[in-house]
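What follows is a set of notes on a single structure, which appears directly below.
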Amino acid sequence: MSETEQNSFRKRIIKLTIKLIKMSENLDPFSIAQQQLYNACKIVGYDSDIYNALSEPERFVQIKITMKMDDGSLKTFQGFRSQYNSARGPMKGGIRWHPDESASLVKALSAWMTWKTACVDIPLGGAKGGIICNPKEMSNRELEILARSYIRQLADLIGPSIDVPAPDVYTNPQIMAWMMDEYEKIIRHHSPSVITGKPLPLGGSAGRSISTAKGGVFTIREAAKDLDFNLNGSDVVVQGYGNAGSWVAKILHDDFGCNIIAVSDSRGGIYNENGINPYEAANHKERTSTVVGLKGTKELSNEELLELECDLLIPAALENVITRENADKINCKIIAELANGPTTPDADKTLFEKGILVIPDFLCNAGGVTVSYFEMVQGYYRYFWTETEVFEALDRVMTRAYRSTVKQSKKFNTHNRMGAYIISLERVINAMRLRGWL
Ligand code: NAD
């Protein structure tokens, strides 16, 4: 090959690479959160100064935790806390412990927390935290050390009036209890409202453990009314059979007579067109750590599960599962996003064109943070509500938020994710303006 031919070949390769990069979908979580924000600002007509003021966290902290493991070895973990926006109140957001945790994901989740608390109109801002680790491989002693170390590193930056953590993927009430205890040791007085999702005897709220699912179900009930379709006997698919996913399956089965035809977890999915008993699936997972292998069900992959024909599809695991690649193969009437960030902006467009009603993540899964807010309020007064009182108040908040979202989507002729963004942005921007930040 002559030198000229080699140069032309190189140029062709570079052009092709650029084309491929442009063609592939950007799945970086924080880029997606920023793109959604940008799209919403564009719809309403907010200028670039407003976008810039909202497109990064107020503060982002990265920490390192080195600890001795049970086998005597030393291990270093990386942790994060992203405090996104505090204009509407103390920041609020869960702590995720997962091997795939990253700075980008924590920032994205903290942005979505900001829009979530604004969408349901509770007086809080948004934050999120995480540690890159695999809790499934750690002993209870190791988990406790990790929880306490995380709080020691961040104690000056959190507090009931500053930033209030909670559980998220692979963290639970026991981990919250250790974290609260460590914080109280540092400040030397009781402060239960520093953290939510605590066990009941330590000031947790009745109904907190099922609140994300319960709140999601209130929005599903409203969406079904809008589509004039009867939930009784409808086919439901749930991806992710953890806290949010297993509870939503049980509530839809018990309260609305839904037919749960498929569920999954990180090891795969199970299917039975005649219906899966959600309690048997939960018991099987409890015994074997997975839903896979439940008697009377066929195995299928998480990808196949998402493309099953059904009435209601509920992603309740992780982000980026409905993308440009599979959006046109989704075959349902309603998508209720209990997971954070399951759908990419390209997929949103396709789903809107196909006429699928999406209840977007930061509306659909806001039941968790709403009952966390109730837990903070109960903690302040040391006066606790019954589960019935909690769920009545939750129903009012979720139904109002769903109705305002749909109103905005219709007004701007857009999908519900943008409708929810429009409400949230207006509230956050208004608070920032009143404080003189804008
Ligand atoms: P969890 O840890 O209780 O459960 C997560 C489940 O997802 C597990 O069953 C796990 O096996 C499964 N999973 C993991 N990777 C998977 C994969 N690749 N495919 C299919 N399943 C997979 O977590 P959770 O609290 O139920 O949270 C689930 C989602 O809901 C997350 O996106 C979380 O941010 C969101 N969420 C949870 C709450 C809450 O209060 N728990 C509140 C708001 C949003």
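The values are calculated or read from the model by the stated rules, or taken from the named source; none is laboratory data. Remember, predicted model here, so these are calculated numbers, not experimental data. Methodologically, a virtual Cβ is constructed for each residue, glycine included, from the backbone with ideal geometry; neighbour enumeration extends over all protein chains shown. Areas reflect the complete protein model, heavy atoms only, side chains present, ligands, DNA and RNA absent. Shrake-Rupley method; radii C 1.70, N 1.55, O 1.52, S 1.80 Å.
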Going down the table (Lys92/Lys407; Lys250/Lys407; Lys116/Lys407; Lys250/Lys333), which pairs top 22 Å between alpha carbons?
Lys92/Lys407; Lys250/Lys407
Signed unit charges on C-beta, dipole axis of the chain, positive-most listed residue Tyr271, Ile334, Val236:
Ile334
Surface share of carbon and sulfur [accessible, 1.4 angstrom probe, percent] for the chain:
50 percent
Go through Thr405, Gly436, Ser424 and say which Cα lies farthest out towards the positive end of the charge dipole of the chain; charges sit on Cβ, +1 for Lys and Arg, -1 for Asp and Glu.
Gly436
Treat every Asp and Glu Cβ in the chain as -1 and every Lys and Arg Cβ as +1, leave all other atoms uncharged, and give the resulting dipole magnitude about the Cα centre to the nearest 20 debye.
1100 debye
Amide H contacts under 5 Å for Arg96, restricted to residues at least 5 apart in sequence or on another chain and with H modeled in the peptide plane, are Gly129, Gly130, Ile131
For the stretch 211-365, with only Lys/Arg (+1) and Asp/Glu (-1) charged at the beta-carbon, what is the dipole magnitude about the Cα centre, in debye rounded to 20?
400 debye
Run lengths n ≥ 4 of DSSP H only: what is the helix-derived mean residue ellipticity at 222 nm for the chain, with -39500 (n - 2.57) per run over all residues, to the nearest 500?
-15500 deg cm²/dmol
Compare Tyr381, Tyr170, Tyr51 by solvent-accessible area with a 1.4 Å probe and give them largest first, with all protein chains kept in place.
Tyr381, Tyr170, Tyr51
Name the most mobile residue of Gly72, Gly204, Gly368, meaning the one with the largest mean-square fluctuation, in a Gaussian network model of the chain with Cα contacts below 10 Å.
Gly72
Would you be so kind as to identify which of Pro90, Pro167, Tyr150 lies farthest towards the positive end of the dipole of the stretch 58-190, taking Lys and Arg as +1 and Asp and Glu as -1 on Cβ and the Cα centre as origin?
Pro90
Could you estimate the translational diffusion coefficient of the chain from the Stokes-Einstein equation, with Rh from the Kirkwood formula over C-alpha pairs, at 20 °C and 1.002 mPa s, in whole µm²/s?
95 µm²/s
Taking the chain as a Gaussian network, where each spring joins two C-alpha atoms under 10 Å apart, which residue of Val61, Val237, Val263 fluctuates the most?
Val61
Å² of accessible area per residue within the chain, as computed with a 1.4 Å probe and no ligands counted:
45 Å²
Could you give the nm distance between label points at Tyr383 and Val44, where each point is 7 Å from its Cα heading toward the beta carbon?
3.5 nm
Going by Cα centres, the stretch 329-386 and the stretch 76-144 are how many Å apart?
16 Å
Tensor-based shape of the stretch 296-401 (alpha-carbon gyration tensor, a/c under 1.5 rounded, otherwise prolate or oblate):
prolate
What aspartates and glutamates sit close enough to Lys225 to cross-link, taking a C-alpha to C-alpha distance under 17 Å and skipping anything fewer than 8 places away on the same chain?
Asp235, Asp255, Asp311, Asp395
Under 5 Å, built H, 5+ apart or other chain: amide partners of Val358
Ile335, Asn416
Would you please name the trypsin sites (Lys or Arg not before Pro) within the stretch 284-372 that are DSSP coil residues with at most 13 other C-beta atoms within 10 Å of their C-beta?
Lys295
Only Lys, Arg (+1) and Asp, Glu (-1) charged, at Cβ; the stretch 91-230 dipole about Cα centre in debye
180 debye
Pop out the ³J(HN,Hα) list for the stretch 376-384 in order, Karplus 6.51 cos²θ - 1.76 cosθ + 1.60 with θ = phi - 60°, rounded to Hz; leave Gly and Pro as x.
4, 4, 4, x, 4, 8, 6, 9, 10
Between Glu309 and Leu27, Cβ-based FRET efficiency (R0 25 Å, step 0.05) works out to 0.45
For the stretch 275-284, what does the Karplus curve 6.51 cos²θ - 1.76 cosθ + 1.60, with θ = phi - 60°, yield as ³J(HN,Hα) per residue in whole Hz, taken in order and with x for Gly and Pro?
x, 10, 6, x, 6, 5, 4, 5, 5, 4
Hey, what did the chain get for relative contact order, percent, Cα under 8 Å, at least 6 apart?
15 percent
